[in-house]
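Each remark here refers to the structure printed beneath this line.
Each value in this text was obtained by applying a stated rule to the coordinates, not by laboratory testing. What you are looking at is a predicted structure, and each value in this text was computed from that prediction instead of being measured. Ideal geometry is used to build each Cβ from the backbone, glycine not excepted, and the neighbour counts take in all protein chains shown.
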C-alpha cells in the first residue's frame, strides 16, 4: 500500500484569448503546462506562485471543476478523471475545499448549522439528530461554540467565518483538503491562529493538505514540501527547508525576498 494519496501527472490546460479592437488576434495561454506533483498521506504540499501562475487552475482541474486538455489525476488509487458522475460524486466526499474569502463562500441566508450540515444532507449521511450532533462536534473542534449553529455568517468575524468554512469542509471526514489562499483575506494575527488550527486538525484527523498561496511567508508555518509555479509551469519543488535555504530559481528567490521582516509570529505544533 502506497503512502501517496494524490498523484498528478503531466496536466495540460490551455485557453485561447482574443485581443485587439475586434478580437481578431488570438493567442494561446498555457494555464497548466506539463504539471506533475505528488502528495503524501498526512502531509502538506504548498503550491506557490503569483496571480496567473496557474495554481488555482490546478486546484480546479484536480477537482474536475474545469476540463483539462490532458494528464492524469490519481487520488487514493483511483483515476479521478475517468470517474463517471456517480463515482465522482462519491469520490468528492473525500476531497473538500477551503476558499479564500470566508464571507463570499458562505450563504448569508443560511444559519451556520445548516451550512456545515449541507454536505451530510447532500450525501444522505445520518438522520437529522445525528447531523446536528456532528455539526456541534465540528463547531467545537474548530474552536467555536455549539450555539453558534443558530447564527448567521454576518454575525462572525473574518477569522471565525474561516473556521466555519473549515468545519463545513471537514464534516464529511475527507482525506484531502484543498486550501485555496485560505488566510490571505485575514490579518496577520488571525492568519497565525488559522494556520495553527489547520496543523492541529491535520494531526487529529490524519488530513492531507494541498495548500495554495502566493505568500511564502505563510508556507513556512504549514507545509512539508513546496512546489513553485510560474506561468503554468512547475519551476522548482522540494522540502520547505530546501526551498527556503537553497532556492535554485531566480523567481523563487524573488518570492522569498518579498517576505516582510516582521512576518508571522512563531507557530509551534
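Quick check: residue separation of residue 36 and residue 86 times 0.36 nm, minus the Cα distance between them. What number comes out in nm? Could you put the intermediate results ahead of the total?
Numbers: separation 50, 0.36 × 50 = 18.00 nm, distance 2.65 nm.
Between residue 36 and residue 86, full extension yields 15.3 nm more.
Would you order 110, 97 from fewest to most other beta-carbon atoms within 10 Å of each residue's own beta-carbon?
Working: 110 14, 97 22.
Result, fewest neighbours first: 110, 97.
How would you rank 103, 75, going from fewest to most other Cβ atoms within 10 Å of each one's own Cβ?
On the way: 103 16, 75 23.
Listing 103, 75 from fewest to most nearby Cβ atoms yields 103, 75.
Label the stretch 1-94 by shape, choosing from rounded, prolate and oblate, from the square roots a ≥ b ≥ c of the eigenvalues of the Cα gyration tensor; if a/c is under 1.5 it is rounded, and otherwise prolate applies when a/b is larger than b/c, oblate when it is not.
In terms of gyration-tensor shape, prolate.
Give me the one-decimal Kirkwood hydrodynamic radius in Å for the stretch 92-174, with the sum taken over alpha-carbon pairs. Write down the numbers at each step before the final one.
Working: mean 1/r = 0.0804 Å⁻¹.
One decimal place: 12.4 Å for the Kirkwood radius.
Have a look at 114, 204, 72 and tell me which one the Gaussian network model of the chain (Cα, springs below 10 Å) gives the largest fluctuation.
Looking only at 114, 204, 72, the biggest GNM fluctuation is shown by 204.
Return 166, 29 ranked ascending by Cβ neighbour count within 10 Å, so the fewest neighbours appear first.
29, 166
For the chain, set up a Gaussian network in which alpha carbons nearer than 10 Å are linked by springs, and say which option among 100, 191, 249 fluctuates the most.
249
Within the stretch 163-193, which residues have the backbone N less than 16 Å from the label spot 7 Å out from residue 259 along Cα→beta-carbon, could you tell me?
Within reach of a label on residue 259: 192.
So how much slack lies between residue 239 and residue 43, counting 0.36 nm per residue of separation and subtracting their Cα-Cα distance, in nm? Before the final figure, lay out each step's value.
Working: separation 196, 0.36 × 196 = 70.56 nm, distance 1.14 nm.
Full extension of this stretch gives 69.4 nm more.
Can you give me the distance in nm between label points at residue 137 and residue 190, each placed 7 Å from the Cα along the Cα-to-Cβ direction?
2.9 nm
Roughly how large, in nm² to one decimal, is the mean projection of the convex hull of the alpha-carbon atoms in the stretch 140-269?
8.9 nm²
Restricting things to alpha carbons, find the Rg to Rh ratio for the chain using the Kirkwood radius for Rh.
Answer for the chain: 0.98.
On a 0 to 90 degree scale, rounded to 10, what angle separates helix 158-170 from the longest Cα axis of the chain?
90 degrees
For the stretch 188-230, what does the alpha-carbon gyration tensor say about shape, rounded, prolate or oblate, given a ≥ b ≥ c as the root eigenvalues, a/c under 1.5 as rounded, and a/b over b/c as prolate?
oblate
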